[in-house]
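To start, the structure under review is shown below, and the notes come after it.
Since every read-out is calculated from the coordinates, none of them should be taken as a lab result. Note that the structure is a prediction, hence the values are computed from the model and not measured. Cβ atoms come from the backbone with ideal geometry, glycine included; neighbour counts cover every protein chain shown.
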Protein chains: 2
Amino acid sequence: MASSPTPPPPAETARNGNSDDGSKGEGLLMIDLERVRKSLIRQEDSIVFSLIERAKFPSNSSLYKSSSSSQIPGFDGSLIQYIVKETEILHSKIGRYESPEEHPFFPDGLPLPLIPCPPKSPELLHGAASSININSTIWKFYLEELLPLFTKQGDGDASSYACTAVCDLNCLQALSRRIHYGKFVAEVKFRDAPEEYGPAIRAQDRDALMKLLTFEDVEEMVKKRVAKKAMIFSQEVNLIEKDADDKQQNCKIDPSLLSRLYGEWVMPLTKLVQVEYLLRRLDK
Amino acid sequence: MASSPTPPPPAETARNGNSDDGSKGEGLLMIDLERVRKSLIRQEDSIVFSLIERAKFPSNSSLYKSSSSSQIPGFDGSLIQYIVKETEILHSKIGRYESPEEHPFFPDGLPLPLIPCPPKSPELLHGAASSININSTIWKFYLEELLPLFTKQGDGDASSYACTAVCDLNCLQALSRRIHYGKFVAEVKFRDAPEEYGPAIRAQDRDALMKLLTFEDVEEMVKKRVAKKAMIFSQEVNLIEKDADDKQQNCKIDPSLLSRLYGEWVMPLTKLVQVEYLLRRLDK
C-alpha cells in the first residue's frame, strides 16, 4: 500500500509520509498529519466561541437539578439531560453518529439514521475506536467544574433555559469532538512510529504509552495559544482602537480559563483517549 | 410613573430617561436604551461566530433540496426543514418561544411548554409585538442568497449534515434574534420621542416611519464594526505575531461579507420590523 503507486486520495484524506505497519493496516485509509494538526487548531476556535456564547447567560442552575419545579413531567432527570438526550435522538436520525468524529452523551437506544449514510469502511481508524466514548467524564467536568468558573451565579427566567441549554450542548459537543479527536492523533502517531509504540501496546503498559504521548513544551504552547484566542475572540471590538490593557479588561471570558481548561482537562483527557485507543490498536 | 419616586428596577430592566407617553404604557416595563444598544452590539459577535462556524463545512446542498435521496421518509420537505422544525418542537417544550426575543421559523402547531414559564405581563413591548414574525423572509435570504456567498461548493458525506444543519440553525436564530430585536429598538425610540412618531403612526405612513428610523451615518459605522469583528474573530491566531495583511488574507470569513449582510439584509429587515411594530404601537 505504501510503496506501490496509488491513485490520488479522496478529498477528505491524504497519504502521509510514513507507511502503515501493516498489522491492521489493510483497508485503513491514510491520515494526513497536517490535516489532523489543522483540525485540532481549528477546533480551539470552536471551543472558545462556544464558551463565550455560554457566558452570555447566568449559571441557570435549575437546568441542572434532577429534581426541581422546572423538571419535565415523566422524565427522570434534569432539564439539560432531557434537552441533550432529545437532541441526540434527532441528530442520530440524520446520521450524526455515523461520523467517527461524533460521540453521543446518551448512546443507549439511539435510533438508526433515517437517511442513507455512507458505508463505514475503509476506515481511518482501527475498529476498536468505536468502543471508546468518555463523554460521561466530559459531562461531569463540564457541568460540575468548568461551568461555575465562567458563568455568573443567577437564574434567568425559564424562557432562557432553552437558549442556555443549546449553548451548553455546543460547548459539550465541541469539547467532546476535540477530546475524542485523540483517536486520530493516536493513529497518526502510531503509523509514524509503530516500532516505538508496539512494545508498550503489547505489554499493555499505560504509563509507558502516556509518557510517549506527552510533550510538555507542545502542551505549554497550546495553553498559551488558547489563552490568546480567548483574549482576541472575546474582546470588545471598537472602531477606535483601545490599548491592550483595556482589551484584556473587557474580555467576555477570562483567557486564563482557557489555559486551565486545556491544561487540566482537554489535553489530559485527549491523552486518555489516545492511550485507550493505542491499547487496542493491535487487536485482531 | 416617570416623575414619582420608584423602587430600584429589577435586574433585567431599568428606567429610561424619558417618560412613556401613557397611551399604552400602563403595565409596560421600562426599557433601558443602553441595554438595548449593548445587546445589539453583543449580538453582532454571535452572528459573526455562527457564520465562521458554518463556513467550516462545504455548501452541502443536499440538505436544502425538497426532493433528494437524503430526504426523511414520510416528511414533506428538505432535511434542513426537518431538523429546524423538530428542534423547534423540542425547544418549544422547554419554553424557548415564551421569550419575546425568540421567534420560531415553523410556528404552526408548536407544543406548549412542559415546564412552568413566567407569566408574560407586565411586558416590555406592546401586545402587538407577538404578531410580528418575518422569519420566512430571513429563511429565504439566508438559504438562497447568503449561504452561497460564504460556503465552498461541495457535498460532504451524509454524517456531516447534522453538524452543518446545527450551524445553519445557529446562524438563522442569531439573525432572527437580531432582526426581531427591532421591536425593542422601536419601543425605546417611541418612548423617547412619542411626539415625533405619533403623527406617522396615526397616518399609518410607512415611508415617514422608515425615514424617522434611518440614520445613515450610524448604519455606516455598524457596517464597519461588523467587518472589523469578522476580521478579528476569524483570523488565524498564532503565538508569533503576523502582520495585518497576513491576518486579513487568512480570514475564515470575508469581512466585506459582514458589511454586506448588515447593509443589505440585517439593518433593512430590522427597520422593517420596527415599522411593523410602530404601525401597531398605538392600537388599543
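Here is how far apart the A:Glu264 label points are across copies: 4.7 nm, shortest first, using a point 7 Å from Cα toward Cβ. With label points defined 7 Å past Cα in the direction of Cβ, position A:Asp283 shows copy-to-copy spacings of 6.3 nm, given to one decimal and shortest first. Inter-part distance, segment A:124-193 to segment B:160-211, computed on C-alpha centroids, equals 35 Å.
Note on B:Lys152: aspartates and glutamates with a C-alpha under 19 Å away, same-chain residues under 8 apart excluded, are A:Glu12, B:Glu53, B:Glu144, B:Asp168, B:Glu236, B:Asp254. Between the beta carbons of B:Ala193 and A:Arg280, assuming R0 = 51 Å, the FRET efficiency works out to 0.15 to the nearest 0.05. Computed from the Cβ-Cβ distance with R0 of 41 Å, the FRET efficiency linking B:Gln153 to B:Glu216 stands at 0.70. Which pairs break 19 Å Cα to Cα here: A:Lys228/B:Lys223; A:Lys38/A:Lys183; A:Lys38/B:Lys228; A:Lys183/A:Lys271; A:Lys228/B:Lys229? With Cα atoms farther than 19 Å apart: A:Lys228/B:Lys223; A:Lys38/B:Lys228. Spherically averaged projected area of the convex hull of Cα atoms, segment B:12-280: 17.2 nm². Each residue in A:Glu216, A:Glu144 was given a count of other beta-carbon atoms within 10 angstrom of its own, and listing them fewest first yields A:Glu216, A:Glu144.
Chain A's nearest residue to the axis relating it to B, judged by Cβ and reported with the distance in whole Å, is A:Phe49, 2. Ascending distances from the B:Asp207 label point to its copies in the other chains, with the point 7 Å along the Cα-to-beta-carbon line: 8.5 nm.
Listed by Cβ neighbour count within 10 Å, with the fewest neighbours leading, B:Asp76, A:Asp254, B:Asp192, B:Asp108 appear as B:Asp108, B:Asp76, B:Asp192, A:Asp254.
Between B:Leu112 and A:Arg202, the modelled label-to-label distance comes to 6.9 nm, taking each label 7 Å out from Cα in the direction of the beta carbon.
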